[in-house]
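This report refers to the structure that appears directly beneath it.
The values are calculated or read from the model by the stated rules, or taken from the named source; none is laboratory data. Keep in mind that what you see is a predicted model, and the values were worked out from it rather than measured. Reconstructed Cβ throughout: ideal geometry from the backbone, glycine too, with neighbour counts over all protein chains shown.
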Amino acid sequence: MGLALTITDLVVEASGGRHLLSVPQLDVPAGCHLGISGPSGAGKSTFLHALAGLARRTSGHVLWDGCDILALRQGARARFRRDHMGFVFQDPLLFEEISALANAGVAAAFAPRRRRAAVTLAAGEALTTLGVPTRPARPAATHSGGERQRIALARALATDPPILLADEPTASLDRATADTLADALLGAARAAGRTLVVVSHDPALIARMDRVLTLRNGEITE
Amino acid sequence: MNSLDLWDRLPALAQDGLTFLALLLPALLVGVAVMAGHRPLALVGAMLRRFPFTNALFVLLIAASVGLGVGLIAQERGLRIGTARAAEKFDLVLAAPGSEITMLLAAVYLQPSDVPLLGGDVYAEVTENPHVSIAAPIAFGDSYDGAPVIGTTPDFAGHLAGPLAAGRMFATEREAVAGARVPLAIGDEFTPAHGVGASADEEAHEHAHFTVVGRMPMTGSPWDRAILVPVEAVWEVHGLADGHADGWSGEVGPPFDMARFPGTPAILVRADELWANYALRSEFNRADVMAFFPGAVLAGLHNILGDVRQAMSLLAVATQVLVTAGVLAGLLVLARLTAQRLALLRALGAPARFAFAVVWGYAASLIVAGAILGVGVGYGATIALSAIITERTDILVTARLDWPELHLVAGFVSLTLLLALLPAGATLSRDIVRDLRA
Ligand SMILES: Nc1ncnc2c1ncn2[C@@H]1O[C@H](COP(=O)(O)OP(=O)(O)OP(=O)(O)O)[C@@H](O)[C@H]1O
Ligand SMILES: [Mg+2]
C-alpha cells in the first residue's frame, strides 16, 4: 500500500541562494498517481529529488505518511529510500559492465540478507514484463536506449516500493514502446496501490494520471 | 615465564608466520569491517572492468615498487649466503701482515693480487702444531684459457671439493684436477700461461704440460672455475725450488723441506678442534704473520652490506610510499569518474558504508593484485640477477623468497589498504544530486 504525501513550506535553494523550487502546501493521498509537467528548467527533477530527500539546501517539510524525510539524517534518508522508494532517474544511469538483470537487481547487493533473493527474483520478473531480453546475459552497455530505460524502471520496481518516483520514464521512446512502458508503470503502481509521482513531457502519459500539476519557474500550479 | 620468553621459545617458522599475520592483520580487519554484511564484489568487478588500462597501469606501478623492495631484500640475502658458502671451507688463513680483505679476496675468491710471501719457517711452525690437520701452501698467478691455475696440496684440494665428481686427485707434478665449470675433460692436456687475464703470457711455461686426472664437483665458489695442480709444480714451473729435499720420491704434498720452501702468499689451515683454530689465530697474529678467519672478515663485510641494505630498503620503502600516494591520488580521480555510479547507488538507498565498500574494495583489489604481482616481479628479478652474478663471479647465488620480504609486502598491503580508506571516504561527502546530473 502506498504512502500519503504532505508537503508544507518546501523551498529548495541553489548554492547562490536563488529559489529553485517552492511548494507552500501540497497533499497527495496514498495510492494517488500524480503527474508533473512543465517546461524544461522549471524544477521538475528538483521536485522529485526533494521528495526523495536527495536535494541539498532544503527547508520545510516533506512528510511521507507523517514521516518528514527532510528531518532525517543522511543514513536514515538512505534507509527510507531503500525501504520505501523506487526512483526512475531522468538518465537511466546503469552499471554498463554488468548485465541487465544485475542492474535491475542491484539493490540486492545492499539489501538485508533475507530480502536479497526476493529482489533478484522481482528484478527478473520486471524485466520480463517490460520485454527486456535477459538471456544470454550481456553487459548493459550493449542494450538499446529503450531497453536501458526499461531496465531502469525494472530496477525501481525490484524492491517492491510503496512509492514510485519517475523522471521522464518515456522520454526518447517511440510511441509503442512508450505506451508499453507506461502500461507497465501504471499496472505496477495500481496493482500494489503504490503512490506514483511521474514527471513527463509526454501528454499521453500525463493524461493517464489521477491528478496533474504544472511546474513553472519552481512554482506549482494545478 | 613472561610473554617474551614464550615468544623466544616459539620455533622460527611460527614467529615469522605470526609476524606476517600481525602485519597483515590491519588489512584483514579493515577488509572485514568494510565489506561485512554487503555484497559489493559485483560492483567492484564492474569498476575494475570499466577502466581496464588505467587499472592495469596502477597494478603494474604497485608491482614495480613492491618488486623493487622484495628483490632488494632477497638479493642481498642471496649474496650474503652465497659468499659465506663459498668461504665456508676456509677455516683459518695465515698470510704476511697486510689487508685481510685483500687476502680474503685472493685466497678464497681467487681475485688475483700481488701479496708478500710467507717463508718456510712459518710453514714449519704451523705444521709442528699437533692440532693442525691441514696446512696447505697455495700458489697462484698462472692461468689456462681464463681459468686460474692454483697450486696447492692434495689434502686441501680434497677438503675443498669433497669426493671428486670423476677421476682421482693429482698425485704427481704434471697432474691436475679441474673445477666443475672448467671446460676440460679427464685426459685433456694443457699448458698454463703466466699471469691471469689479458696480460697472461702464453709462452712463458710452454714446456710445462699438465694432464687432467680428475674433476671436482660443484662447490658454488670461484674454485669451480679453477684448475688445481700440485703446488710443487707451480714452484718448479717458475724456476723455484720444489719444496722437497734431495731424493724426493715425487709424491706431491707435505711434508715440505723448510730449506727448499720457496714461499707462499697464504697458508690455508684447518685444525681438528674449534678451540685450536682460535688458539692458532692468536698464536700467529704477530709482527711477521697475520691470521684471520675468512668467515669473520666476511661477517664484517656483511655488516657493512647490511647497513647499505637498510639504507636501500629505506629508499625502496620511500619509493613504495610515493607510488602508493600516486596510486591513491589516481584512485581519487577514478572515484570521481565513477562518482555518478556511486551517487546512483546512494540515491537508490544504498547505505553510505556500501558505497564506501565498493570504492575501497576497488582500491584494495588493485593494491592486492599489485602486491602479489610485485612478489613475482621481485622474485623473477632476483632469479635473473642471481644467475648473472653466479655467471660473472662463480659464487653460487640462489634466489629464494623468505619471510623478511613477505613481511615487507604484508606491511605495505596493510598500510596502503588503510590509506585507501581516504579516497573511499572522500566519495561520501559528495553532493548526490550534482553527481547524478553530471
Ligand atoms: N545546484 C544548482 N545550482 C543552480 N541552479 C541549479 C542547480 N540545480 C538545478 N539548477 C537549475 O534549476 C532549474 C531546475 O532544474 P531541474 O533539473 O529541476 O529542471 P527540470 O524541470 O527537471 O528540467 P528538464 O525538463 O530539462 O529536466 C534549472 O534551471 C537548473 O539549471
Ligand atoms: Mg529534469
(message) Looking only at residues that are more than 8 Å from chain B (Cβ to nearest Cβ) and surrounded by fewer than 16 Cβ atoms within 10 Å (Cβ to Cβ) in the stretch A:73-112, which one is modelled with the lowest pLDDT?
(response) A:Pro112
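In the stretch B:285-314, how many residues are among the aliphatic types (A, V, I, L, M) and within 15 Å of the chain's Cα centre (by Cα)?
So the answer is 6.
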(request) Determine whether B:Leu164 is more than 22 Å from B:Gly253 (Cα to Cα) and among the hydrophobic types (A, V, I, L, M, F, W, C). (result) no
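Which one of these is under 12 Å from the mean Cα position of the chain (by Cα) and either within 16 Å of ligand 1 (Cβ to nearest atom) or assigned to a loop (DSSP other than H, G, I, E, B) (or both): A:Ala152, A:Ala171, A:Ala156?
Details: A:Ala171 fails: under 12 Å from the mean Cα position of the chain (by Cα); A:Ala156 fails: either within 16 Å of ligand 1 (Cβ to nearest atom) or assigned to a loop (DSSP other than H, G, I, E, B) (or both).
None of the others qualify; the one that does is A:Ala152.
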(message) Could you go through the stretch B:129-139 and let me know if any residue there is surrounded by fewer than 18 Cβ atoms within 10 Å (Cβ to Cβ), of a type in the set (A, V, I, L, M), out of contact with any Asp or Glu (no Cβ under 7 Å at 6 or more places or on another chain) and in contact (Cβ under 8 Å) with a residue 40 or more places away in the chain.
(response) no
(request) Only residues in the stretch A:18-43 that are β-branched (Val, Ile, Thr) count as the first member; pair them with residues that are away from ligand 2 (no atom under 16 Å from the Cβ) and not in a strand (DSSP E or B), Cβ under 8 angstrom, at least 6 apart or cross-chain, and list the lot. (result) A:Val28/A:Ala4
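Take the residues of the stretch A:202-216 that are farther than 19 Å from A:Leu51 by Cβ and surrounded by fewer than 19 Cβ atoms within 10 Å (Cβ to Cβ): which is nearest to ligand 1 (Cβ to nearest atom)?
At the first step, the residues of the stretch A:202-216 found to be farther than 19 Å from A:Leu51 by Cβ are A:202-204, A:207-208.
From what is left, the residues that are surrounded by fewer than 19 Cβ atoms within 10 Å (Cβ to Cβ) are A:203-204, A:207-208.
Values: A:Pro203: 15, A:Ala204: 17, A:Ala207: 18, A:Arg208: 19 Å.
Per the criteria, the residue is A:Pro203.
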(request) Report yes if A:Gly53 is at positive phi and more than 11 Å from every other protein chain (Cβ to nearest Cβ), otherwise no. (result) no
(message) I'd like to verify a number: residues in the stretch A:169-218 that are within 16 Å of ligand 2 (Cβ to nearest atom) and charged (D, E, K, R), how many?
(response) 2
(message) Any residue at all in the stretch B:352-362 that's touching a Phe, Trp or Tyr at 6+ places or on another chain (Cβ under 8 Å) and either within 14 Å of another protein chain (Cβ to nearest Cβ) or touching a residue at least 12 places away in the same chain (Cβ under 8 Å) (or both)?
(response) yes
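So which helices (runs of 4 or more DSSP H) are wholly in the stretch B:1-110 and hold at least 1 residues that are assigned by TED's automatic domain parsing to the domain that holds B:Ser414? It would help to see each step written out before you state the result.
Details: elements: B:3-9, B:12-35, B:41-50, B:52-87, B:100-107.
In the stretch B:1-110, B:12-35, B:41-50, B:52-87 are the helices (runs of 4 or more DSSP H) which contain 1 or more residues that are assigned by TED's automatic domain parsing to the domain that holds B:Ser414.
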(message) Which residue is surrounded by the fewest Cβ atoms within 10 Å (Cβ to Cβ), if the candidates are limited to the stretch B:42-84 and must be within 14 Å of chain A (Cβ to nearest Cβ), among the hydrophobic types (A, V, I, L, M, F, W, C) and touching a helix residue (DSSP H, G or I) at 6+ places or on another chain (Cβ under 7 Å)?
(response) B:Phe51
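Kindly indicate whether B:Leu6 is surrounded by fewer than 18 Cβ atoms within 10 Å (Cβ to Cβ) and modelled with pLDDT of 90 or more.
On the way: surrounded by fewer than 18 Cβ atoms within 10 Å (Cβ to Cβ): yes; modelled with pLDDT of 90 or more: no.
Judged against the criteria, B:Leu6 is not a match.
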(message) Quick check on my filter: what residues within the stretch B:273-284 are more than 13 Å from B:Glu125 (Cα to Cα) and over 30 Å from the mean Cα position of the chain (by Cα)?
(response) B:Ala276, B:Ala279, B:Ser282
(request) Go through the stretch B:67-123 residue by residue and tally those that are closer than 21 Å to B:Ala287 by Cα, touching a strand residue (DSSP E or B) at 6+ places or on another chain (Cβ under 8 Å) and among the acidic types (Asp, Glu). (result) 1
(request) Give me a count of the residues in the stretch A:22-45 that are away from ligand 1 (no atom under 13 Å from the Cβ), surrounded by 18 or more Cβ atoms within 10 Å (Cβ to Cβ) and hydrophobic (A, V, I, L, M, F, W, C). (result) 3
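Across the stretch B:429-438, which residue is nearest to the other protein chains (Cβ to nearest Cβ) among those that are away from ligand 2 (no atom under 16 Å from the Cβ) and not in a helix (DSSP H, G or I)? Show your work before the answer.
Step one: of the stretch B:429-438, the residues away from ligand 2 (no atom under 16 Å from the Cβ) are B:429-431.
Checking the rest, the ones that are also not in a helix (DSSP H, G or I) come to B:430-431.
On the way: B:Arg430: 11, B:Asp431: 6 Å.
Taking the candidates together, the pick is B:Asp431.
Have a look at B:Ser133, B:Ser143 and point out the one that is outside any loop (DSSP other than H, G, I, E, B), hydroxyl-bearing (Ser, Thr, Tyr) and more than 28 Å from the chain's Cα centre (by Cα). Full working, then the answer.
Numbers: B:Ser143 fails: more than 28 Å from the chain's Cα centre (by Cα).
Among B:Ser133, B:Ser143, only B:Ser133 is outside any loop (DSSP other than H, G, I, E, B), hydroxyl-bearing (Ser, Thr, Tyr) and more than 28 Å from the chain's Cα centre (by Cα).
Just to check your reading of the model, which residue among B:Ala410, B:Ala420 is crowded, with 20+ Cβ neighbours inside 10 Å and over 30 Å from B:Arg80 (Cβ atoms)?
Values: B:Ala410 fails: over 30 Å from B:Arg80 (Cβ atoms).
Only one candidate passes the filter, namely B:Ala420.
Residue-by-condition table, conditions (1) within 26 Å of B:Gly197 (Cβ to Cβ); (2) of a type outside the set (A, V, I, L, M); (3) in the same structural domain as B:Val397 (by TED's automatic domain parsing):
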{"site": "B:Val234", "(1), (2), (3)": "yes, no, no"}
{"site": "B:Ala241", "(1), (2), (3)": "no, no, no"}
{"site": "B:Ser313", "(1), (2), (3)": "no, yes, yes"}
{"site": "B:Val321", "(1), (2), (3)": "no, no, yes"}
(message) Going residue by residue through the stretch A:114-123, is there one that turns out to be more than 21 Å from B:Arg341 (Cα to Cα), of a type in the set (Lys, Arg) and within 11 Å of chain B (Cβ to nearest Cβ)?
(response) no
